[in-house]
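Undergrad: Mind looking over this structure? Questions follow.
The values are calculated or read from the model by the stated rules, or taken from the named source; none is laboratory data. Fair warning: this is a prediction, and the values are worked out from it, not measured in the lab. Cβ sites come from the backbone with ideal geometry, for glycine too, and all protein chains shown count toward neighbours.
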């Protein structure tokens, strides 16, 4: 059951996109009181000041009874030299802006009951407008009226935010630490297994080996990837139902994974296990406490999963534990299987990110639609466009398949909504399976310097750095596997080739893992240096 859960979760874990937004700030004051509100503008119109001190202050004239599609509705003396707020609707933004400009207004604010979208026009219209234009929430305007009355002074500014946000460094740290720990854990379990198989090691099935699943057949790998494709397509068409199934599965799987991680840490530090008997069954007190803690964390996440301000911490914690346990539990038997699996998943990732937009009705890739949810229209808006809800909305359910870290330099996030840097679990797990194989291979050849494990970890780090670099330069989210898979596969193959071990590295351990037994690949009487002792 646990293996099936892992397969289902992995089938919906992959890359999502990041969007560069165009939010700005509306500063309102009346001499003694100050408030700031979210507005959305377009850099193609007259640019806004980059700081509050540089922004010019104008008195605000309220004209929300009109949509300003006809300049004759307003007397020029009323708005000349002032900021003007009107309602959205009936005509283009450019027409409203030109009417306000002809009336002598210095700034145009458009109050909206609909979602705030980046105001746009034909290219020929941008050069005609010489005044700032921005959209604001109508409910924000009503609140400002209650606070300030009719005497309002406004300033508009758009502080620049660096593309290189500190959250990227946190995401990078999370990914590399998870991959390194997962690979190390897998190698340690393999070492324990071999020690238990050695003479005097106790024999039987070791704790490190229990519950492990090995992918050893190319056919099974192809079936596995095909199943993932099917799951992703089902999620696309039946998202509103299956999202709750995935959330429930994630709670169970992550709680179990977190227990495994905590239990391994307790064993490592030498924490004793006090136990008691109930009806001839020994129950560990440590296991009970850990289970209670892990279940509580998973339940808290499940209940408060839509609280964006802080729940990302628990989601990342559970996600790290899930990735670690997956890398330890699922093992690839040889480098051939690694090449087949990672190559197929690379094609899978690129196809569902870049190719499927040509087939979907809204032009959004199936991967992005599933990862962000069908209601996350603001995050899926293309190019430099952005959409901010005008009214408080019920939170939309999203799949728990990404690491999320708030953008620390997102100056408008408290006004327009939190912005996150995101990395899919698949960008950790898929290369991590290769890292785990390299770690186990180091154990098989008794490499004291762990040359395969270390080199593959470095390749993963360089691949992640390249991914973020391309993302920052292009301003678009990237399918990280496009860079991680070649980096890790080529590096591992080059290391094996330079050491003259490519044949052994390709074929893996001297034992083929079967469903019920292990049979030696080598004739009786022969030994191989990949395993110190035969079971």
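Undergrad: Determine which single condition residue 448 fails, assuming it passes every other condition in (1) surrounded by fewer than 24 Cβ atoms within 10 Å (Cβ to Cβ); (2) touching a residue at least 24 places away in the same chain (Cβ under 8 Å).
TA: (2)
Undergrad: Further question on the same structure: Quick check on the range 127-167: of everything there that is closer than 30 Å to residue 473 by Cβ and in contact with a helix residue (DSSP H, G or I) (Cβ under 6 Å, 6 or more places away or on another chain), which residue is modelled with the highest pLDDT?
TA: Top of the filtered list is 133.
Undergrad: For the range 424-465, which positions are part of a helix (DSSP H, G or I) and touching a strand residue (DSSP E or B) at 6+ places or on another chain (Cβ under 8 Å)?
TA: Across the range 424-465, the qualifying residues are 428, 433, 434, 436, 437, 440.
Undergrad: With the checklist (1) within 24 Å of residue 160 (Cα to Cα); (2) in contact with a helix residue (DSSP H, G or I) (Cβ under 9 Å, 6 or more places away or on another chain); (3) surrounded by fewer than 23 Cβ atoms within 10 Å (Cβ to Cβ); (4) at pLDDT below 80 in hand, flag the one item residue 21 doesn't pass.
TA: (3)
Undergrad: For residue 379, are the conditions met, namely being in a helix (DSSP H, G or I), surrounded by 17 or more Cβ atoms within 10 Å (Cβ to Cβ) and either modelled with pLDDT under 75 or outside the structural domain of residue 501 (by TED's automatic domain parsing) (or both)?
TA: Working: in a helix (DSSP H, G or I): yes; surrounded by 17 or more Cβ atoms within 10 Å (Cβ to Cβ): yes; either modelled with pLDDT under 75 or outside the structural domain of residue 501 (by TED's automatic domain parsing) (or both): yes.
Yes; evaluated as a whole, the condition is true for this residue.
Undergrad: Further question: Given (1) over 19 Å from residue 328 (Cβ atoms); (2) modelled with pLDDT of 90 or more, identify the lone condition not met by residue 270.
TA: Exception for residue 270: condition (2).
Undergrad: Still on this structure: Condition (residue is over 15 Å from residue 46 (Cβ atoms), more than 38 Å from the chain's Cα centre (by Cα) and assigned to a strand (DSSP E or B)) applied to the range 132-155: is it met by at least one residue?
TA: Yes; the residues of the range 132-155 include at least one that is over 15 Å from residue 46 (Cβ atoms), more than 38 Å from the chain's Cα centre (by Cα) and assigned to a strand (DSSP E or B).
Undergrad: Which of the residues spanning the range 235-254 are surrounded by 18 or more Cβ atoms within 10 Å (Cβ to Cβ) and without any contact (Cβ under 8 Å) to a residue 24 or more places away in the chain?
TA: Listed by number, the list holds a single entry, 242.
Undergrad: Just wondering, is there one or more residues in the range 168-180 that are touching a helix residue (DSSP H, G or I) at 6+ places or on another chain (Cβ under 6 Å) and assigned to a loop (DSSP other than H, G, I, E, B)?
TA: There is no residue in the range 168-180 that is touching a helix residue (DSSP H, G or I) at 6+ places or on another chain (Cβ under 6 Å) and assigned to a loop (DSSP other than H, G, I, E, B).
Undergrad: While we're looking at this one, here's another question. What number of residues within the range 66-81 are loosely packed, with under 12 Cβ neighbours inside 10 Å and more than 47 Å from the chain's Cα centre (by Cα)?
TA: Of the residues in that region, 4 qualify.
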